[in-house]
Amino acid sequence: MNENKNQNAFGMIGLGTMGSNLLQNIADHGYSCAGYDNNTKTVQKLNDLKNENIHGFSDLKQFTDSLKSPKVVMMLVPAGEIVDSVIKDLLTVLDKGDIIIDGGNSHFTDTERRYLELEKQGYHFVGMGVSGGEEGARRGPSMMPGGDQEAYEVLKPILEKIAAHVNGEPTVAFMGERSAGHFVKMVHNGIEYAIMQLISETYEIMKNGLGMKNDEIQKVYKKWNEGRLKSYLLEITADIFTYKNEGEKEFLLDSIRDQAKAKGTGKWTSQAAMDLHLPTPIIDIAVSMRDLSSLKELRVEASKIYLDSTEMDYKTNNEQYCTQLEEAFYFAMVSAYAQGMHLLYQANVEFKYNLNLDTIAKIWRGGCIIRSEFLEDIYAAYNKNPELTHLLLDASVAKDLSSSIPAIRKVVSDAALHGISTPAFSASLSYFDDFRNENMPTNLIQAQRDYFGSHTYELKAKEGVFHTKWMMENIKE
């Protein structure tokens, strides 16, 4: 039994790799902390670390009794019903005024409900997105807490110390009211889906269109990561292309099945965007392509039916083409971030979160999965103009993006001509072309809706709402 009664500054429920690593991070910064899990072997593994600042428990009351007041308890457990179950158990051993943190990938609607319920009962609740994976948890993640600002002020000293730091600044800040933290993390993950899909499409072009070998492709990603495309996702991609299991000649990547899994946060991002009537097509298609990848048997069957004589070989100078591909990737990557930031802007209006978009970009610059050099540009844009409605309207971003337009057009058209699928690249270009289109062809859609459903329409030069009897017999020649 632990003797460190009422001395621990932080408690963690869920001692998997993420929970254990985060506790070790906290302990490294001089804080005494406690961990709880109902799996005694997991608790023993934590205690076996022999860290004087970490104390493991398999009894929930002993765990909470070891915490200083106000007691701070963070959950790192699977999203859904398990979170509600843990909260129910916690309320039997916590006091009013104590702080509960949900650090998992909970849906923001669940966080909204939990925040309101716990507030009524006198408890402080913080929904906090955590990004950076296992290594981030251990060495410095990016954290997105939202909900109870009074509680955040209690947590702030610890969170700022354990976060990653960029230019001496911690990658954590209070996001906003109620479920804001988990909404921001959800959008972060949506952008992550989009960028991963874009990278996979560049891989497809280089491998099947340009006929490049793995070591050649690795050099391209490494070179890209040394310039304005510098990012965590490109960094790990370059590493992947060099990896071979010990004693094997083939790259591990070539042995991995082409079926991408998902935990749901990308889908949630698309659903939230649609509920807010806001387009995020590059995120939507990234989610759809993961779903399509799972249909392996159908794809194999279709590949035998639809034989294509299209020549996939681009027959071009690979080095020159990869320079254009780099430009195209920059264009599409900017579009992915811009669509995500626009979703945050709209959610702020709709849900009154009190988000600061420059702060979000600022804490994403380090620790998180989508950290990149371009986030400095995003931070600068929103810092200069906090009321900026859309990232693509920033003059500096527009200038850089415009120079990449010829490249994205060539990459998308070449891929289509050679039978190579680039749905995310195509979505980024189509979004851009209609975003800058003063007169979209959707006037025809509105006329069609009025024709078959009397849904009415508005006119360009006349105020009001109108309906027409479109049937041909009502039209005089």
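Yes/no per residue for (1) open to solvent by less than 90 Å² (accessible area, probe 1.4 Å); (2) farther than 30 Å from residue 207 by Cα; (3) within 31 Å of the chain's Cα centre (by Cα):
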| site | (1), (2), (3) |
| --- | --- |
| 385 | yes, yes, yes |
| 419 | yes, no, yes |
| 442 | yes, yes, yes |
| 461 | no, yes, no |
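Any residue at all in the stretch 238-255 that is surrounded by 16 or more Cβ atoms within 10 Å (Cβ to Cβ), farther than 30 Å from residue 119 by Cα and acidic (Asp, Glu)? No, the conditions are met nowhere in the stretch 238-255.
Every residue, every condition in (1) assigned to a helix (DSSP H, G or I); (2) closer than 30 Å to residue 307 by Cβ; (3) touching a helix residue (DSSP H, G or I) at 6+ places or on another chain (Cβ under 7 Å); (4) at pLDDT below 95, yes or no:
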{"position": "340", "(1), (2), (3), (4)": "yes, no, yes, no"}
{"position": "347", "(1), (2), (3), (4)": "yes, no, yes, no"}
{"position": "350", "(1), (2), (3), (4)": "yes, no, no, no"}
{"position": "354", "(1), (2), (3), (4)": "no, no, no, no"}
{"position": "368", "(1), (2), (3), (4)": "no, no, yes, yes"}
{"position": "383", "(1), (2), (3), (4)": "yes, no, yes, no"}
{"position": "388", "(1), (2), (3), (4)": "no, no, yes, no"}
{"position": "401", "(1), (2), (3), (4)": "yes, no, yes, no"}
{"position": "414", "(1), (2), (3), (4)": "yes, yes, no, no"}
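Just one of (1) among the β-branched types (Val, Ile, Thr); (2) under 18 Å from residue 355 (Cβ atoms); (3) part of a helix (DSSP H, G or I) fails for residue 126. It is (3).
Scanning the stretch 421-440 for residues that are surrounded by 19 or more Cβ atoms within 10 Å (Cβ to Cβ) and outside any helix (DSSP H, G or I) turns up just one, 422.
Taking residue 354, is it open to solvent by 70 Å² or more (accessible area, probe 1.4 Å), within 27 Å of residue 136 (Cβ to Cβ) and not aliphatic (A, V, I, L, M)? Full working, then the answer.
Values: open to solvent by 70 Å² or more (accessible area, probe 1.4 Å): yes; within 27 Å of residue 136 (Cβ to Cβ): yes; not aliphatic (A, V, I, L, M): yes.
So residue 354 passes the test.
If you go through the stretch 259-276 and keep only what is open to solvent by 90 Å² or more (accessible area, probe 1.4 Å) and over 13 Å from the mean Cα position of the chain (by Cα), you end up with 261, 274, 275. Of all residues in the stretch 431-442, those that are closer than 19 Å to residue 390 by Cα have Cβ atoms under 9 Å from Cβ atoms of residues that are outside any helix (DSSP H, G or I) and hydroxyl-bearing (Ser, Thr, Tyr), 6 or more apart or on another chain, in 431/280.
Does the stretch 304-313 contain at least one residue that is farther than 24 Å from residue 217 by Cα and not in a loop (DSSP other than H, G, I, E, B)? Yes: the stretch 304-313 contains one or more residues that are farther than 24 Å from residue 217 by Cα and not in a loop (DSSP other than H, G, I, E, B).
The values are calculated or read from the model by the stated rules, or taken from the named source; none is laboratory data. Source: prediction; values computed, not measured. Cβ coordinates were reconstructed from backbone atoms using ideal geometry, including for glycine residues, and neighbour counts include every protein chain displayed. Accessible surface is based on the protein model in full, side chains and every heavy atom, while ligands, DNA and RNA are left aside. Shrake-Rupley method; radii C 1.70, N 1.55, O 1.52, S 1.80 Å.
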